[in-house]
Amino acid sequence: MTPDRLRAALRGVPDPQWLDAALRRVATEPGAIPRLFAIAARRCGRGPLPDPPGWTVDEAVRALLLTALPADHAAAAEALYRQGDAAEKRAVLRALPLLPIGAECVPLLHDAIRTNDTRLVAAALGPYARHLEQPAWRQAVLKCVFTGVPLAVVDDLNGRADGELAAMLAGLAAERHAAGRAMPADATDLLDRLGAGSHPTTAREA
């Protein structure tokens, strides 16, 4: 994902003049971003974007506002996340891979993963999750299975999945089997790919 791709996807927003002006203003007046971030959905919409898939209009607009800042991206992202509602938090999480911040905003991922909001959990496991240490990343993947978040949202799942994750998933499968419950199909598929799917406790959910 790139800012240019998001900008191209937003050509048909209801108020393109507002968006253009907001991006210019943030670039020259960074202190304006909290207000512009808050009203972005009202001015540009909340519907899904056909491309890139999985993004909504307000998420893309807010991500672009963050990328337009001339400096202090990490501090702005943290402030907007901490002060924002759920939709604004998701937009910040989605914007993180686009910002020149290194691993500075990893605490935001930890916060999102601890919540019971499955949409926040999903947003936290995008490309920026490459900065999560492996133990925290494994726990996040396990939480996806617990809470019904599709594993398709986990960036680089096949590249990062390892034997320890397989053992954790197999343990969960055994617990569910003992309780008369099955594993989600995507978790069973992952166990199969990791070579841990031959045990009968990995039977799939319908």
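Key figures for this structure:
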quantity	calculated
Every pair of residues 6+ apart whose Cβ atoms lie under 6 Å, when the first sits in segment 114-128 and is among the hydroxyl-bearing types (Ser, Thr, Tyr) while the second is assigned to a helix (DSSP H, G or I) and surrounded by fewer than 23 Cβ atoms within 10 Å (Cβ to Cβ)	118/147; 128/97
Complete set of residues in segment 4-20 that are open to solvent by less than 50 Å² (accessible area, probe 1.4 Å) and either more than 15 Å from residue 40 (Cα to Cα) or touching a Lys or Arg at 6+ places or on another chain (Cβ under 6 Å) (or both)	8, 9, 15, 18
Segment 165-194, subset in contact with a helix residue (DSSP H, G or I) (Cβ under 6 Å, 6 or more places away or on another chain) and open to solvent by 30 Å² or more (accessible area, probe 1.4 Å), residue nearest to residue 107 (Cα to Cα)	168
Candidate set from segment 131-148 (those that are modelled with pLDDT of 95 or more and of a type in the set (S, T, N, Q)); member that is nearest to residue 181 (Cα to Cα)	139
So residue 61, is it closer than 20 Å to residue 29 by Cα, more than 12 Å from the chain's Cα centre (by Cα) and free of Cβ contacts under 8 Å to residues at least 60 places away in the same chain	yes
Residue selected from segment 79-100 under the condition over 15 Å from the mean Cα position of the chain (by Cα) and touching a residue at least 12 places away in the same chain (Cβ under 8 Å), by the criterion farthest from residue 3 (Cα to Cα)	83
All positions within segment 45-56 that are buried (at least 17 other Cβ atoms within 10 Å of the Cβ), of a type outside the set (Phe, Trp, Tyr) and under 21 Å from residue 112 (Cα atoms)	56
Number of positions in segment 101-140 that are of a type in the set (D, E, K, R) and part of a helix (DSSP H, G or I)	5
Tally of residues being more than 17 Å from residue 53 (Cβ to Cβ) and not in a helix (DSSP H, G or I) across segment 141-155	1
Selected residue (criterion: modelled with the highest pLDDT) from residues of segment 113-125 that are open to solvent by 40 Å² or more (accessible area, probe 1.4 Å) and among the polar types (S, T, N, Q)	118
Residue list for segment 69-112, filter: surrounded by fewer than 21 Cβ atoms within 10 Å (Cβ to Cβ) and farther than 26 Å from residue 22 by Cα	103, 106, 107, 110, 111
Qualifying residue in segment 152-163 (condition: among the β-branched types (Val, Ile, Thr), open to solvent by 40 Å² or more (accessible area, probe 1.4 Å) and within 12 Å of the chain's Cα centre (by Cα))	yes
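Quick grid of which residues meet (1) more than 28 Å from residue 115 (Cβ to Cβ); (2) outside any helix (DSSP H, G or I); (3) basic (Lys, Arg):
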| position | (1), (2), (3) |
| --- | --- |
| 7 | yes, no, yes |
| 11 | yes, yes, yes |
| 23 | yes, no, no |
| 31 | yes, no, no |
| 36 | no, no, no |
| 43 | no, no, yes |
| 63 | no, no, no |
| 69 | no, yes, no |
| 88 | no, no, no |
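The values are calculated or read from the model by the stated rules, or taken from the named source; none is laboratory data. Treat the numbers as computed from the prediction; the structure is a model and nothing was measured. Note that we place each Cβ from the backbone using ideal geometry, even for glycine, and neighbour counts take in every protein chain shown. The protein model used for the area step is the full one, side chains on, heavy atoms only, and it has no ligands, DNA or RNA in it. Shrake-Rupley method; radii C 1.70, N 1.55, O 1.52, S 1.80 Å.
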